[in-house]
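Trainee: Encoded as structure tokens, here's the structure I'll be asking about.
The values are calculated or read from the model by the stated rules, or taken from the named source; none is laboratory data. From a predicted model like this one, the values you see are computed outputs, not experimental measurements. Positions of Cβ are generated from backbone atoms using ideal geometry, with glycine treated the same way; all protein chains shown enter the neighbour counts. For accessibility, only protein heavy atoms count, side chains too; no ligands or nucleic acids. Shrake-Rupley method; radii C 1.70, N 1.55, O 1.52, S 1.80 Å.
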2 protein chains.
Amino acid sequence: MIVLEARDRVAGRNLGGHLKNGVAVEMGGQWIAEGHTEVLGLVGELGLETFASYDDGVPITLFRGQVTRATDLSQLGLTPTAAPEVDRMAGLLAELAETVSLSAPWLTEEAATLDATTFAEWVRSNTTEPEAVAYWQALVRGVFAAEPAELSLLHFLFYVKSNTSLEVLISTTGGAQEQRVVGGTHQISERLAEGLGDVVRLGRRVTRIVQTDTGVHVHADGAEVTARRVIVTVPPALAGRIDYEPALPAQRDALTQQMPMGSVIKTQIAYPKPFWREAGLNGLASNFDDGGLSVTLDNSPHDGSCGVIVGFFEGAEARAVADLTPEQRKDLAIESLVTFFGPEAADPIDYVEQDWMAEEFTRGCYGGRLGAGAWTSFGPALAAPVGRIHWAGAESAEVWNGYMEGAVRSGQRAAAEVLGGLSS
Amino acid sequence: MIVLEARDRVAGRNLGGHLKNGVAVEMGGQWIAEGHTEVLGLVGELGLETFASYDDGVPITLFRGQVTRATDLSQLGLTPTAAPEVDRMAGLLAELAETVSLSAPWLTEEAATLDATTFAEWVRSNTTEPEAVAYWQALVRGVFAAEPAELSLLHFLFYVKSNTSLEVLISTTGGAQEQRVVGGTHQISERLAEGLGDVVRLGRRVTRIVQTDTGVHVHADGAEVTARRVIVTVPPALAGRIDYEPALPAQRDALTQQMPMGSVIKTQIAYPKPFWREAGLNGLASNFDDGGLSVTLDNSPHDGSCGVIVGFFEGAEARAVADLTPEQRKDLAIESLVTFFGPEAADPIDYVEQDWMAEEFTRGCYGGRLGAGAWTSFGPALAAPVGRIHWAGAESAEVWNGYMEGAVRSGQRAAAEVLGGLSS
């Protein structure tokens, strides 16, 4: 086995960073849920440790310039008018999500209708409550780093079911943001790579994959590898940029044309201490308005040596600030934090950021999404092997799609396909 | 100047074909409108001739298995219930299209709303008449080779305005299908290439474009060209597959991730004579149902030596038949023609087809489209130069977008940019 990696590091959408004070901060994927059994297994095997994300206190929301402090954890600080409306809609979505086939979303009973509807349209058809509309926009930004019109209802429902439930997707305790890895998640890939030794070849961007009757030739910058099978692990949007011979089947090629990556800039803002905790806040701030950070969470280190807020510019917000300087984005992020957490937020000790849209070998996070019409037209090509080429990556996972856990499971699935193919 | 062409022929989405009897048929772009002044100018300069597309008689429609013959040319055979409804909606669309900024669609007054709405959603919100809904689906298939949910209302309106009006888009006489070129449109590019001589390098797929302070290096299969400026003329979906150094700005890269090409298989079915003409039919059949050819037109040669129907499998119909054999598609096409034009259609003398989705260097026709949310997020990157790289092609045209005329005009615009850049 040979692993060809375009970057000069492993871990892809996981990336380790540091504050000036030496504290490790995750610049990419960072959270693990209780149900992420394969990732947790790897973490244990590799001698890494997890710790619970900070989640004491209540979250806040910003809506029409007004910060509201939640009294009930599950309501995110929604007003008494909006809360039951959001609950009702969440119930409808949970029922619809139940109907989705995870192994073949295009075969879901009402697939054609669910796929021809954008999530924005579903929201518009189901409520006129402005705060509820804003809630769902904020949720889509937080989960998909995209806007509600940019994904089909079917994609939304698939993703909800794939990741257990809406509640799991947006929760820390008991949810997808529950645990972190001491020192950062990128260590998982680093330690795996150490174990693999020199089969991992860095700085080898794959540019061309040639299949013949007897094998497959993979051309990378300055290297050519011949193998019996190949697993492509980059997201479809990037996989489409590899040159294939013979050319890919039309449906697979078309899929790569319409599964764009989300838009996100991840920031970490550090303070001498996690001052918001003293005010009874858990650090979760949801921005229902346009402008500034879309969402924040407490991302302070395990040892409590300083306070860190992780803040995301997502979807339209990320695109709006993409051309600014880091310094300008820092100012905007601080402005958001002052709004959320008060004047103490005005004086951070550090700010670091990662623009995933600008990363040539990722081109957006958290992952690829399918817009209206795409699942039913091109979905079957998402994971189906093409001759000796197999597809893995978080986008191709049935369960825990979009997460590290989905990526690992998709790798196991692709490995099983390859082993089956090699033995036949 | 050097022209690098990936194929072993010029003309791209224009392609000449022949029936067994020697009659030329266009396997790609074929029609010219009166307003296509630049293309008509080239046709004249190059010594080619145009002739009027056949348009005597009336069109027919198929809806719920029933063929209806139009009494009024403008109504396409719609029932008395559907016709005024379609008219009313066309009026609304014309009014909305008026508001669109062609040079900057994202600055259109209601851009955010128009862009967050799919065309399917607009139809659903504006009628409950089943035949009207089916009409708009057929129209979107015919114009975009896509489904109504796969494009934003803003994209639909931009395209309508860019091509003058809905009526021009769907009309033969007085419309975008008015004229043809004797012998085929591919001759335009062929004769231009002849005039250019050996600066046109065939079989040179561009794989990499490197910009430096002093110039640009273009790497093609087996060739490297150094220049001061480069014009990339492939559609965004394909342009994104070129490797750029430095990497493209995020917005331009994101655009290439979400402007997928349409889905179409073009067929030409030949008969000893154009028998439908005797029945007073002009050959235009619009399929409002699912299954079979989406639309047909009379495509008989100028000299009337035989009868030819051009038929398109478009959008979902194209995807549904993509994995069939040509023989199976031929049977389906004939079945459609028998339904449309009667039993005489059962015995064609020839059938040829072109699957544009499978063409590695086009990957779909008629062109790229923008789904919900894309124009307002990524539109500015559609034609904006990136350093020494300029963008041309039918997708980048303000006027006659999607047509040969738009392609030529975009080339003139890019050439003017380059000349401006070279002199500065």
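Trainee: Using the crude model of +1 on Lys and Arg Cβ and -1 on Asp and Glu Cβ, and no other charge, please compute the dipole size for segment B:81-170 relative to its Cα centre, in debye to 20.
Mentor: Dipole magnitude for segment B:81-170 comes out near 160 debye.
Trainee: What is the distance in Å between the Cα centres of segment B:153-212 and segment A:280-333?
Mentor: 46
Trainee: Determine the dipole magnitude for chain B: charges of +1 sit on the beta-carbon of Lys and Arg, -1 on that of Asp and Glu, nothing else is charged, the reference point is the Cα centre, and the result goes in debye to the nearest 20.
Mentor: For chain B, the charge dipole is close to 960 debye.
Trainee: Ignoring the sites themselves, what is the longest stretch of chain A with no trypsin sites (Lys or Arg not before Pro) in a DSSP loop and at most 13 other beta-carbon atoms within 10 Å?
Mentor: A:229-424
Trainee: What quantity of accessible surface, computed with a 1.4 Å probe and excluding non-protein components, is buried in total between chains A and B, in Å² to the nearest 100?
Mentor: 2700
Trainee: For chain B, report the % of Cα-Cα distances exceeding 27 Å.
Mentor: Percent of Cα pairs beyond 27 Å in chain B: 51.
Trainee: Can you tell me which aspartates and glutamates have their Cα less than 12 Å from the Cα of residue B:20? Leave out same-chain residues fewer than eight positions away.
Mentor: Residue B:20 reaches B:350.
Trainee: Another question, if that's okay. Using modelled backbone amide H atoms (1.01 Å from N, in-plane), which distant-in-sequence or interchain residues come within less than 5 Å of residue B:370's amide H?
Mentor: HN-HN under 5 Å from residue B:370: B:152.
Trainee: Filter the GluC sites (Glu not before Pro) in segment A:262-318 down to the DSSP loop ones having no more than 10 other Cβ atoms within 10 Å, then list what survives.
Mentor: Here no GluC sites (Glu not before Pro) fit, given the DSSP loop and packing criteria.
Trainee: Given H placed on each backbone N at 1.01 Å, which residues far from residue A:308 in sequence or on other chains put an amide H within less than 5 Å of it?
Mentor: A:271, A:299, A:300
Trainee: Find which of B:230, B:381, B:138 sits farthest along the positive direction of the dipole of chain B, computed with +1 on the beta-carbon of Lys and Arg, -1 on that of Asp and Glu, about the Cα centre.
Mentor: B:230
Trainee: What does the copy distance list look like for residue A:22, label position 7 Å along Cα→Cβ, in nm and ordered from shortest?
Mentor: In nanometres, ordered from closest: 8.8.
Trainee: Would you mind classifying segment B:292-424 by shape? Square roots of the alpha carbon gyration tensor eigenvalues, ordered a ≥ b ≥ c; an a/c under 1.5 is rounded, otherwise it is prolate if a/b is larger than b/c and oblate if not.
Mentor: Verdict is prolate for segment B:292-424.
Trainee: Expressed as a whole percentage, what fraction of the accessible surface of chain A belongs to carbon and sulfur atoms when a 1.4 Å probe is rolled over the protein heavy atoms?
Mentor: Looking at chain A in its full context, I get 53 percent from C and S.
Trainee: Relative contact order of chain B: what whole-number percent is it, with Cα pairs under 8 angstrom and at least 6 residues apart?
Mentor: Here the relative contact order equals 24 percent.
Trainee: What accessible surface, in Å², does a 1.4 Å probe find on residue A:129, ignoring ligands, DNA and RNA and rounding to the nearest 10?
Mentor: 40
Trainee: While we're on this one: Go through segment A:104-119 residue by residue and turn each phi into a ³J(HN,Hα) via Karplus (6.51, -1.76, 1.60, θ = phi - 60°); whole Hz please, and just put x for glycine and proline.
Mentor: 8, x, 5, 9, 3, 3, 9, 3, 4, 5, 4, 7, 7, 10, 7, 5
Trainee: Just tell me which aspartates and glutamates come within less than 13 Å, Cα to Cα, of residue B:266; anything on the same chain fewer than 8 places away is out.
Mentor: B:26, B:314, B:317, B:353, B:355, B:359
Trainee: So what are the ³J(HN,Hα) numbers for segment B:131-148, from phi and the Karplus equation (6.51, -1.76, 1.60; θ = phi - 60°), rounded to whole Hz, Gly and Pro as x?
Mentor: Along segment B:131-148, the couplings run 6, 5, 4, 5, 4, 5, 5, 4, 5, 5, 4, x, 8, 10, 6, 8, 9, x Hz.
Trainee: Right, here's the next one. Given H placed on each backbone N at 1.01 Å, which residues far from residue A:207 in sequence or on other chains put an amide H within less than 5 Å of it?
Mentor: A:219, A:220, A:221
Trainee: Average partner chain C-beta neighbours within 10 Å, per residue of B:257-265?
Mentor: The shielding value for this peptide is 6.
Trainee: Counting other Cβ atoms within 10 Å, keep those with at most 14, restrict to DSSP loop, and tell me which chymotrypsin sites (Phe, Trp or Tyr not before Pro) in segment B:323-424 are left.
Mentor: B:361
Trainee: Please label the shape of segment B:182-226 as rounded, prolate or oblate, based on the square roots a ≥ b ≥ c of the eigenvalues of the alpha-carbon gyration tensor (a/c under 1.5 means rounded; beyond that, a/b larger than b/c means prolate, else oblate).
Mentor: prolate
Trainee: If N is the number of residues in segment B:214-345, what value comes out of its Cα radius of gyration divided by 2.2 N^0.38 Å?
Mentor: Working: Rg = 21.7 Å, N = 132, 2.2 N^0.38 = 14.1 Å.
With N residues counted in segment B:214-345, Rg over 2.2 N^0.38 Å equals 1.54.
Trainee: Would you list B:115, A:55, A:221 from the most to the least accessible area, probe 1.4 Å?
Mentor: A:221, A:55, B:115
Trainee: Normalise the Debye intensity by I(0) for segment A:58-170, one equal point scatterer per Cα, no solvent, then take log10 at q = 0.15 Å⁻¹ and round to two decimals.
Mentor: Once normalised to I(0) and log-transformed, intensities are -0.64.
Trainee: On each of the three principal axes of the Cα atoms of the protein assembly as shown, give max minus min coordinate, whole Å, ordered largest first.
Mentor: If we take the Cα atoms of the protein assembly as shown, the spans are 87, 63, 60 Å.
Trainee: Counting other C-beta atoms within 10 Å, and keeping those with at most 16, which DSSP coil GluC sites (Glu not before Pro) do you find in segment B:1-83?
Mentor: Counting only loop positions with at most 16 other Cβ atoms within 10 Å, the GluC sites (Glu not before Pro) in segment B:1-83 are B:34, B:49.
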